[in-house]
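These notes are about the structure you will find just below.
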Amino acid sequence: MADIEVRLVDVTKRFGDFVAVDAISLEVRDGEFFSLLGPSGCGKTTTLRMLGGFEEPTSGLIELHGQDVTWLPPYKRNVNTVFQNYALFPHLSIAENIAFGLKRRGVKADEIKRRVAEALELVQLTGYEARKPGQISGGQAQRVALARALINRPGVLLLDEPLGALDLKLRKQMQVELKRIQQEVGITFIYVTHDQEEAMTMSDRIAVMNKGHYEQLGEPEVLYERPKTRFVAGFLGVSNLIPVKSEGTADNYAILRLPDGHAARAPRALLDGQSGPVALGVRPEKIRLKARAEETSGQYNRLDGIVRHSSYIGVSTQYIVELGDERQLTVFEQNVERATKAELWSPGEEVALTWLPEHSFAVPDDTGGVVEQTGIAAVE
Amino acid sequence: MGTFLKRHHWVTPLALLTPGILWLLVFYLWPALQMFIASFWHGTLETGFVFSLDNWTNYPDAVGQFAPFYLRSVVYAAAATMTTFLIAYPLAYTIAFKGGRFKNLMLFLVVAPFFTSFLLRTISWKIILGDVGPIIGPLKGIGVLPQDFHILATPMAVIAGITYNFLPFMTLPVYVALEKVDVRLVEAAKDLYAGPWRPGGLIAGGILGGALMGVLGLVFGVDWAVFAVIGAAFGGFVGWFLVSESFIRVTFPLSLSGVFAGGLLTFIPAIGDYINAELLGNPSTNMIGNVIQNKFLTQNDYPTASALSFAMMAGVLVVVAIYAKVLGTEELSAAAARA
Ligand SMILES: Nc1ncnc2c1ncn2[C@@H]1O[C@H](COP(=O)(O)OP(=O)(O)O)[C@@H](O)[C@H]1O
Ligand SMILES: [Mg+2]
């Protein structure tokens with residue numbers, strides 16, 4: 001299971017002077033659901049196209065199942081693609097679209113027929129054989145594109161934002177479906193998306209890309225709980241980031257001084273390997289709000305602040321809390337202990353923010369402490 | 001006003017169609033009707049013409065007398081449509097897919113000949129193809145061609161002229177169709193193992209090239225076997241080296257609507273053309289257009305000329321209807337991809 005199915009070594013792609021993909025090296029394991037996640041223009045599609053054989057890397061090496069395929073044309077690679085716009089052949093029926101790859105490989109007619117039926121069943125489109133791509137919905141077209149690729153039993157399936165054109169509800173449904181299909185067929189999926197929630201829901205591992213390279217690669221919960229860069233912290237969910245100065249250690253904790261004078265603790269290991277300035281990070285849902293008067297157990301970090309804004313979202317309430325130095329932090333509270341309007345914190349109330357040091361993370365503070373929090377826009 | 005238009009939604013299209021309808025009524029239908037009436041005349045310019053429905057016999061008389069000219073027109077027009085296609089398709093393909101930033105320039109060059117008159121262009125071909133012209137002359141001089149060789153005043157010259165004159169009518173529709181083909185579909189085909197088309201391309205290209213050139217050789221009145229061999233060799237070469245499976249399964253089927261339109265736009269005017277035959281041919285290459293022109297303008301035999309014109313129109317309509325029935329459906333693309 002841990003065989004390496006795809007290997008990129010220092011893969012670079014330039015378009016003229018512009019570096020679209022910048023010396024990416026990574027390995028994807030056999031049977032893995034692997035995602036390339038990043039904002040538009042960061043080089044995800046270009047990376048995928050090099051894997052599919054539609055672009056040649058400017059330099060670097062691409063291996064599929066141990067074979068160097070860097071210079072092989074698409075039709076010689078044991079890889080299939082689900083294109084961003086599906087790219088179904090408009091002049092062929094659904095069945096003919098799906099059979100296309102098998103026909104080109106000279107598979108016998110009766111086997112093609114059997115496998116097309118199988119593939120249609122896998123994507124739950126039995127009965128649509130004779131339709132043309134123009135006569136089916138976007139969600140169905142998406143399934144056809146999937147069946148058309150999977151029927152060839154490729155070593156790797158490449159998917160480029162396959163759910164991008166679908167509405168939210170259908171997208172959620174297809175996320176589950178895709179994951180089910182991937183587990184059923186056991187094929188390695190490399191999935192490109194700019195939607196962090198989508199990547200987190202489906203992936204075994206994610207590479208978070210930015211400007212032609214990936215900033216961090218790992219399992220979704222590791223990326224979320226321990227982002228290693230400001231960019232990753234902001235791209236996956238919402239983060240509060242506060243520039244801090246290290247003031248030595250106590251037990252297994254680093255003592256960190258905040259700009260407003262408060263001290264906070266974080267596991268020492270978080271600072272290992274950090275040389276320059278550091279920002280302390282904590283996710284909004286990890287912070288508890290308490291009345292100032294309330295005692296806090298010594299194992300928690302505690303800051304004082306004033307509630308500036310609250311918005312009730314139903315499952316939770318989102319607060320903006322201001323610290324002594326006017327820095328604003330975001331806090332999410334489940335509407336469990338407090339649920340009615342009278343019980344919620346209201347603007348102007350003085351509160352204490354508490355969280356466990358273990359729930360912190362640390363990233364290099366490469367902005368000089370200008371930005372306090374990132375990723376607010378990602379809240380739905 | 002707005003609600004009036006909304007309530008009577010036929011008003012806007014009618015208003016937009018009116019100028020066109022008027023134009024056609026005045027400049028097409030009215031003269032056509034006049035001509036239709038003239039086809040039932042009897043008499044001469046000197047004695048005057050008399051209309052009578054009994055003169056329907058003008059039709060069988062005229063058509064019977066000039067049947068070989070009709071046949072020749074159809075054969076020449078079909079051959080010219082074929083050669084136009086053979087030249088225009090690679091041209092349109094290159095502009096659409098390899099044109100890059102020269103696309104517009106290349107398209108301009110395709111229509112550039114239209115800036116000179118049809119007549120002038122054809123006359124210059126007369127010079128180019130002349131027995132002592134810039135091509136044949138030197139070739140004869142160095143002994144590559146025998147002294148009695150000539151192209152001018154042969155069917156080949158007429159068909160070459162028609163091909164040249166109608167090339168843009170084929171190139172542009174094919175270009176438009178190819179331009180619309182999504183390159184991502186071609187990528188998808190390659191992703192699905194569509195590679196070079198070998199050895200199918202060699203066989204198909206050889207057979208197709210051989211057959212096409214053989215037929216053209218017959219029409220040209222030259223040694224068809226030599227033509228067929230050259231065609232087969234060339235077709236095989238193209239099929240082996242240039243034609244990929246993604247082209248045969250995706251690009252070509254999706255461009256057929258343009259080929260269909262280009263075929264009509266070339267074939268229909270070519271069938272009625274008389275200038276190419278007049279300037280580049282000889283009396284035995286005269287087409288029906290030459291006969292009609294002669295009857296109308298030289299002999300003033302209006303009834304026969306009108307009957308010949310109308311018979312041609314009816315014939316073309318039938319041919320086009322069959323063509324559309326056979327080729328002009330959506331199923332064509334699918335069938336082409338399946339074959
Ligand atoms: N063929 C190309 N020519 C020039 N620039 C390109 C080409 N393809 C992509 N790019 C550029 O490379 C960058 C990465 O593109 P892409 O891989 O499509 O990003 P993503 O899929 O992550 O949105 C973009 O800035 C894009 O403009
Ligand atoms: Mg993209």
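Within the range B:41-48, identify whether any single residue is farther than 30 Å from B:Ala261 by Cβ and either in contact with a Lys or Arg (Cβ under 8 Å, 6 or more places away or on another chain) or at pLDDT 90 or above (or both), and answer yes or no.
Quick first cut of the range B:41-48, residues farther than 30 Å from B:Ala261 by Cβ only: B:41-48.
So of that shortlist, the ones also either in contact with a Lys or Arg (Cβ under 8 Å, 6 or more places away or on another chain) or at pLDDT 90 or above (or both) come out as B:41-42.
Yes, the range B:41-48 has at least one match.
For a quick check of your reading of the model, give me the residue pairs whose first member lies in the range A:265-287 and is outside any strand (DSSP E or B), whose second is aromatic (Phe, Trp, Tyr), with beta-carbon atoms closer than 7 Å and at least 6 apart or on different chains.
Taking only residues 6 or more apart or on different chains, the pairs are A:Arg268/A:Tyr253; A:Leu270/A:Phe361; A:Pro284/A:Phe332; A:Glu285/A:Phe332; A:Lys286/A:Trp355; A:Ile287/A:Trp355.
From the list A:Ala149, A:Ala145, which residue is within 22 Å of A:Gly52 (Cβ to Cβ) and within 16 Å of ligand 2 (Cβ to nearest atom)?
Details: A:Ala149 fails: within 16 Å of ligand 2 (Cβ to nearest atom).
Every option except A:Ala145 fails the conditions.
Kindly establish whether A:Val28 is crowded, with 16+ Cβ neighbours inside 10 Å and within 11 Å of ligand 1 (Cβ to nearest atom). Before the answer, list the steps.
On the way: crowded, with 16+ Cβ neighbours inside 10 Å: yes; within 11 Å of ligand 1 (Cβ to nearest atom): no.
Here the answer is no, as A:Val28 does not meet what is asked.
Restricting to the range A:56-82, and then to whatever is assigned to a strand (DSSP E or B) and within 7 Å of chain B (Cβ to nearest Cβ), can you tell me which residue is surrounded by the fewest Cβ atoms within 10 Å (Cβ to Cβ)? So that I can check it myself, show each step before the final result.
Start the filter on the range A:56-82 by keeping residues that are assigned to a strand (DSSP E or B), which leaves A:59-64, A:67-68, A:79-82.
Remaining after also requiring within 7 Å of chain B (Cβ to nearest Cβ): A:80-81.
On the way: A:Asn80: 27, A:Thr81: 31.
That would be A:Asn80.
Scan (1) within 27 Å of the chain's Cα centre (by Cα); (2) farther than 28 Å from A:Val208 by Cα; (3) of a type outside the set (Val, Ile, Thr); (4) assigned to a loop (DSSP other than H, G, I, E, B) for the single condition A:Pro259 breaks and write down its number.
(1)
Just checking, does the range A:7-27 include any residue being more than 16 Å from ligand 2 (Cβ to nearest atom), among the basic types (Lys, Arg), touching a strand residue (DSSP E or B) at 6+ places or on another chain (Cβ under 6 Å) and more than 14 Å from chain B (Cβ to nearest Cβ)?
Checked against the condition, which is being more than 16 Å from ligand 2 (Cβ to nearest atom), among the basic types (Lys, Arg), touching a strand residue (DSSP E or B) at 6+ places or on another chain (Cβ under 6 Å) and more than 14 Å from chain B (Cβ to nearest Cβ), the range A:7-27 yields at least one hit.
Quick one: A:Lys113 ticks every box in (1) closer than 23 Å to A:Pro133 by Cα; (2) within 11 Å of another protein chain (Cβ to nearest Cβ) except a single one, so which number is it?
So A:Lys113 meets the others, but not (2).
Give the residue that is farthest from ligand 1 (Cβ to nearest atom), with candidates limited to residues of the range A:31-55 that are in a loop (DSSP other than H, G, I, E, B) and surrounded by 15 or more Cβ atoms within 10 Å (Cβ to Cβ). Before the answer, list the steps.
If we filter the range A:31-55 for residues that are in a loop (DSSP other than H, G, I, E, B), which is where we start, we get A:31-32, A:38-43, A:53-55.
Still in the running and surrounded by 15 or more Cβ atoms within 10 Å (Cβ to Cβ): A:31-32, A:38, A:42-43, A:53-55.
On the way: A:Gly31: 25, A:Glu32: 20, A:Gly38: 6, A:Cys42: 4, A:Gly43: 4, A:Gly53: 15, A:Phe54: 10, A:Glu55: 8 Å.
The selected residue is A:Gly31.
Name the residues in the range A:217-245 that are crowded, with 24+ Cβ neighbours inside 10 Å and over 11 Å from the mean Cα position of the chain (by Cα), would you?
Matches in the range A:217-245: A:Pro227, A:Ala233, A:Ser239, A:Asn240, A:Leu241, A:Ile242, A:Val244.
Which one of B:Val238, B:Val229, B:Val186, B:Val176 is within 14 Å of chain A (Cβ to nearest Cβ) and either under 30 Å from A:Met50 (Cα atoms) or at pLDDT 95 or above (or both)? Don't jump to the end; show me each part of the working.
Values: B:Val238 fails: within 14 Å of chain A (Cβ to nearest Cβ); B:Val229 fails: within 14 Å of chain A (Cβ to nearest Cβ); B:Val176 fails: within 14 Å of chain A (Cβ to nearest Cβ).
Just a single option satisfies the conditions, and that option is B:Val186.
A quick yes/no check of all residues on (1) touching a residue at least 60 places away in the same chain (Cβ under 8 Å); (2) surrounded by 21 or more Cβ atoms within 10 Å (Cβ to Cβ); (3) not small (Gly, Ala, Ser):
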| position | (1), (2), (3) |
| --- | --- |
| B:Gly235 | no, yes, no |
| B:Leu242 | no, no, yes |
| B:Ile288 | yes, yes, yes |
| B:Phe296 | no, no, yes |
| B:Ala321 | no, no, no |
| B:Leu327 | yes, no, yes |
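I'd like to verify a number: residues in the range B:241-250 that are more than 14 Å from chain A (Cβ to nearest Cβ) and either more than 25 Å from A:Leu92 (Cα to Cα) or β-branched (Val, Ile, Thr) (or both), how many?
Here is the first cut: in the range B:241-250, the residues more than 14 Å from chain A (Cβ to nearest Cβ) are B:241-243.
In the following step, the residues that additionally are either more than 25 Å from A:Leu92 (Cα to Cα) or β-branched (Val, Ile, Thr) (or both) were identified as B:241, B:243.
Looking only at that region, the number is 2.
List, please: which pairs have Cβ atoms under 6 Å, are six or more places apart or on different chains, and start with a residue in the range B:56-79 that is crowded, with 22+ Cβ neighbours inside 10 Å and end with one that is of a type in the set (Phe, Trp, Tyr) and in a helix (DSSP H, G or I)?
Here the result reads B:Ala77/B:Phe267, each pair linking the range B:56-79 to a residue that is of a type in the set (Phe, Trp, Tyr) and in a helix (DSSP H, G or I).
Pick out, from the range B:83-165, the helices (runs of 4 or more DSSP H) lying fully within it that include 3 or more residues that are at pLDDT below 90 and either loosely packed, with under 14 Cβ neighbours inside 10 Å or in contact with a strand residue (DSSP E or B) (Cβ under 8 Å, 6 or more places away or on another chain) (or both).
On the way: elements: B:103-111, B:118-128, B:136-141.
Of the helices (runs of 4 or more DSSP H) lying wholly inside the range B:83-165, those with at least 3 residues that are at pLDDT below 90 and either loosely packed, with under 14 Cβ neighbours inside 10 Å or in contact with a strand residue (DSSP E or B) (Cβ under 8 Å, 6 or more places away or on another chain) (or both) span B:136-141.
Looking at the range A:83-102, can you tell me whether even one residue there is within 13 Å of ligand 2 (Cβ to nearest atom), over 22 Å from B:Phe252 (Cβ atoms), in contact with a strand residue (DSSP E or B) (Cβ under 8 Å, 6 or more places away or on another chain) and within 14 Å of chain B (Cβ to nearest Cβ)? Talk me through it step by step, then tell me what you get.
Of all residues in the range A:83-102, those within 13 Å of ligand 2 (Cβ to nearest atom) come to A:83-85.
If we keep only those that are over 22 Å from B:Phe252 (Cβ atoms) as well, we get A:84.
Those left that are additionally in contact with a strand residue (DSSP E or B) (Cβ under 8 Å, 6 or more places away or on another chain): A:84.
Now narrow it down to the ones that are within 14 Å of chain B (Cβ to nearest Cβ): A:84.
Checking the range A:83-102: at least one residue is within 13 Å of ligand 2 (Cβ to nearest atom), over 22 Å from B:Phe252 (Cβ atoms), in contact with a strand residue (DSSP E or B) (Cβ under 8 Å, 6 or more places away or on another chain) and within 14 Å of chain B (Cβ to nearest Cβ).
Select from the range A:57-66 the residues that are more than 26 Å from the chain's Cα centre (by Cα) and modelled with pLDDT of 95 or more and write down the one among them that is farthest from ligand 1 (Cβ to nearest atom).
Step one: list which residues in the range A:57-66 are more than 26 Å from the chain's Cα centre (by Cα), which gives A:58-59, A:66.
If we keep only those that are modelled with pLDDT of 95 or more too, we end up with A:58-59.
Details: A:Thr58: 12, A:Ser59: 16 Å.
Looking at residues that are more than 26 Å from the chain's Cα centre (by Cα) and modelled with pLDDT of 95 or more, I get A:Ser59.
List every residue pair whose Cβ atoms lie under 6 Å apart, where the two residues are 6 or more positions apart in sequence or sit on different chains, the first residue falls within the range A:31-54 and is more than 14 Å from chain B (Cβ to nearest Cβ), and the second residue, located anywhere, is among the small types (Gly, Ala, Ser) and outside any loop (DSSP other than H, G, I, E, B).
A:Ser35/A:Ala199; A:Leu36/A:Ala207; A:Leu37/A:Ala199; A:Gly43/A:Ala20
The values are calculated or read from the model by the stated rules, or taken from the named source; none is laboratory data. Just so it is clear, the model here is predicted, and its values are computed rather than measured. All Cβ positions, even for glycine, are placed from backbone atoms using ideal geometry, and neighbour counts span all protein chains on display.
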